[in-house]
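S.K.: Have a look at this one.
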Amino acid sequence: MGRLRRNVESSEHIEPARFGFALILITLSIFGFAFSDEAGWIRVLSLVAEGAALLFILRMSERGLVLRIARIAVVFAVGAAIVSIMIGTSEGPTLATAVVGALMAIAAPIAILRRLSREEVVNVQVLAGALCLYLLLGLFFTFLYKAIDAVDAKPLFVQTTTASSTDITYFSYVTLTTVGYGDFTAAQNGVRMLAVTEALFGQLYLVSAVALVVSQFGRGRTMPFRSRGADRTAAGSDADPDPQSDGTTRDP
């Protein structure tokens, strides 16, 4: 089965699934965004972490325009951040980090879902992919809170008038995991309902998607039509020829 999977991956020109490494890169990008408000080269490092995670995830699923656009966006964003630091401005790194982070929160989950749909067996890589989606869910809501804070003049939280990226990241994942420390609470009704939505999605995802993956661990799954056809083709090409068949018709 492993050989057949490699044949399918080779025919579709996709990278082998390495969601364990992707999980590490996503974690680094979360911490990078949390400290993206820091001045100097810390912003560039956070941007590099986000860009590396995004490109690595897209390479496992995408081959074409999406991957090329992502590469251009990451290179341009890192270059713009470096130039902005050299000339002494702060808007460039902030905007670049926001653009790459938004791509990370939106494009990466779609790429992971596409890649998971090609997996034949529910294994450690599939479990790691499910956990990647869970972390990206929190990152998606983090950017929603950050966008609301940027466009709304009212404070995001009751406890502070100026919410940092660290505060927003912390609030998002505390809400996602329903820990509920209470040191930061939403100041507006819209943000409160958004937090309720994140908490519900977080719990439902754990008790449904992740629980289903764990319950099916080690088992095969139904492959998409194209993959099944590719498997049959590969199996047929590897099968031994019938020793009784020599291309001639025999009388009974």
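The values are calculated or read from the model by the stated rules, or taken from the named source; none is laboratory data. Since the model is a prediction, treat every value here as computed from it, not as a measurement. Because the Cβ atoms are built from the backbone with ideal geometry, glycine has one as well, and the counts that use them run over all protein chains shown.
S.K.: Taking the residues in segment 71-106 that are modelled with pLDDT of 85 or more and touching a Leu at 6+ places or on another chain (Cβ under 8 Å) as candidates, determine which candidate is surrounded by the most Cβ atoms within 10 Å (Cβ to Cβ).
M.R.: This residue is V74.
S.K.: Then there is this: Restricting the first residue to segment 98-112 and requiring it to be over 12 Å from I69 (Cβ atoms), which pairs with a second residue that is part of a helix (DSSP H, G or I) and of a type in the set (S, T, N, Q) meet a Cβ separation below 8 Å and a spacing of at least six or different chains?
M.R.: G101/S29; M104/S29; A105/T142
S.K.: Of everything in segment 165-201, what is outside any helix (DSSP H, G or I) and within 16 Å of A147 (Cα to Cα)? Give them in sequence order.
M.R.: Those that are outside any helix (DSSP H, G or I) and within 16 Å of A147 (Cα to Cα): A186, A187, Q188.
S.K.: Scanning for something of a type in the set (V, I, T), in a helix (DSSP H, G or I) and modelled with pLDDT of 55 or more, does segment 202-210 turn up at least one residue?
M.R.: yes
S.K.: Suppose we filter segment 211-221 for residues that are out of contact with any helix residue (DSSP H, G or I) (no Cβ under 8 Å at 6 or more places or on another chain), surrounded by 13 or more Cβ atoms within 10 Å (Cβ to Cβ) and part of a helix (DSSP H, G or I); how many remain?
M.R.: 0
S.K.: Out of all the residues in segment 59-70, which are modelled with pLDDT under 80 and not in a helix (DSSP H, G or I)? Give the derivation first.
M.R.: In the first step, residues of segment 59-70 are kept if they are modelled with pLDDT under 80; the result is 61-66.
Across segment 59-70, the qualifying residues are S61, E62, R63, G64.
S.K.: Within segment 102-123, how many residues are assigned to a loop (DSSP other than H, G, I, E, B) and of a type outside the set (D, E, K, R)? Quick ask: steps written out before the conclusion?
M.R.: Quick first cut of segment 102-123, residues assigned to a loop (DSSP other than H, G, I, E, B) only: 117-120, 122-123.
Then keep just the ones that are of a type outside the set (D, E, K, R); that gives 117, 122-123.
Adding up the residues that qualify gives 3.
S.K.: So S245 passes all but one of these: (1) in a loop (DSSP other than H, G, I, E, B); (2) within 26 Å of the chain's Cα centre (by Cα); (3) hydroxyl-bearing (S, T, Y); (4) modelled with pLDDT under 85. Which condition number does it fail?
M.R.: (2)
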